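Enquirer: Please read through the structure below; I'll follow up with questions.
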């Protein structure tokens, strides 16, 4: 059986916006769950989430590209840039032999919300022509493929909370079975917003505990739901 190795890592997370910062906070037991800052939670039972903080997308793309890129794809591109630099693999593999599998449970939800608001408040002519390409769940894979000239498969795994792990597993299979020599793989999501919080709360999936240290207890008898992040 052909062995597959991870040669580069990248991370944009609630515990840090690079691998070393993330790992340092993880090993120190730092909690990434805090009060939600992305929207007003006054009318919500849920008050906590694991948000990404101090992320600067301009480290990874210019202002024009930023305007046409949903936050979830910004996270994905940033992590991919870090992983490619870490691996040193760029320009060492034929373009046809490297691909991208970037998972996302739903894609550009922030874009969906903002453009729906524009439709309701200003009419159909004010919906951005970039709405669809910014929102679709495969755009992160596509943008990463363009950035690094990856001409093998560029696809998302869309399997809810398992999307990122699923993408990594499928990427491993691509290499193991000889369809590619290298893959950029992972997952990205940016769904901490009003409608997602409302939907998950109403289906009783989210923890409504207001203590960050006890809100997320997935393997404990006190568990009461998950925390968005």
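Enquirer: Quick one: would you say residue 96 is out of contact with any helix residue (DSSP H, G or I) (no Cβ under 8 Å at 6 or more places or on another chain) and within 17 Å of residue 142 (Cβ to Cβ)?
Expert: yes
Enquirer: Suppose we keep only residues that are closer than 20 Å to residue 20 by Cβ and touching a helix residue (DSSP H, G or I) at 6+ places or on another chain (Cβ under 8 Å) within the stretch 76-93. Which one would you say is surrounded by the fewest Cβ atoms within 10 Å (Cβ to Cβ)?
Expert: 86
Enquirer: What are the residue pairs meeting all of these: first residue in the stretch 2-17, first residue free of Cβ contacts under 8 Å to residues at least 24 places away in the same chain, second residue not in a loop (DSSP other than H, G, I, E, B), Cβ atoms under 8 Å, and 6 or more apart or on different chains?
Expert: If the second residue must be not in a loop (DSSP other than H, G, I, E, B), the pairs left are 15/21; 15/22; 15/25; 15/26; 16/22; 16/23; 16/24; 16/25.
Enquirer: Could you list all residues from the stretch 35-70 that are buried (at least 18 other Cβ atoms within 10 Å of the Cβ), within 21 Å of residue 201 (Cβ to Cβ) and touching a helix residue (DSSP H, G or I) at 6+ places or on another chain (Cβ under 6 Å)?
Expert: 46
Enquirer: Does residue 157 satisfy the criteria of being under 14 Å from the mean Cα position of the chain (by Cα), buried (at least 18 other Cβ atoms within 10 Å of the Cβ) and modelled with pLDDT of 95 or more?
Expert: Values: under 14 Å from the mean Cα position of the chain (by Cα): yes; buried (at least 18 other Cβ atoms within 10 Å of the Cβ): yes; modelled with pLDDT of 95 or more: yes.
It is true that residue 157 is under 14 Å from the mean Cα position of the chain (by Cα), buried (at least 18 other Cβ atoms within 10 Å of the Cβ) and modelled with pLDDT of 95 or more.
Enquirer: If we keep just the residues of the stretch 162-221 that are part of a strand (DSSP E or B) and at negative phi, which is surrounded by the fewest Cβ atoms within 10 Å (Cβ to Cβ)? Please lay out each step first, then the result.
Expert: To start, the set of residues in the stretch 162-221 that are part of a strand (DSSP E or B) comprises 182-187, 206.
Imposing the further condition that a residue be at negative phi reduces the set to 182-185, 187, 206.
Working: 182: 21, 183: 27, 184: 28, 185: 26, 187: 25, 206: 24.
Applying the filter and picking the extreme gives 182.
Enquirer: So which residues in the stretch 101-136 are surrounded by fewer than 23 Cβ atoms within 10 Å (Cβ to Cβ) and in contact with a strand residue (DSSP E or B) (Cβ under 9 Å, 6 or more places away or on another chain), if there are any at all?
Expert: Across the stretch 101-136, the qualifying residue is only 105.
Enquirer: Give the residues of the stretch 18-34 that are surrounded by fewer than 19 Cβ atoms within 10 Å (Cβ to Cβ) and either without any contact (Cβ under 8 Å) to a residue 24 or more places away in the chain or under 21 Å from residue 195 (Cβ atoms) (or both), sorted by residue number.
Expert: 20, 21, 23, 24, 25, 26, 27, 28, 29, 30, 34
The values are calculated or read from the model by the stated rules, or taken from the named source; none is laboratory data. Keep in mind the model is a prediction, meaning the values are calculated, not measured. With ideal geometry, Cβ positions are generated from the backbone for all residues, glycine too; neighbour counts draw on all protein chains shown.
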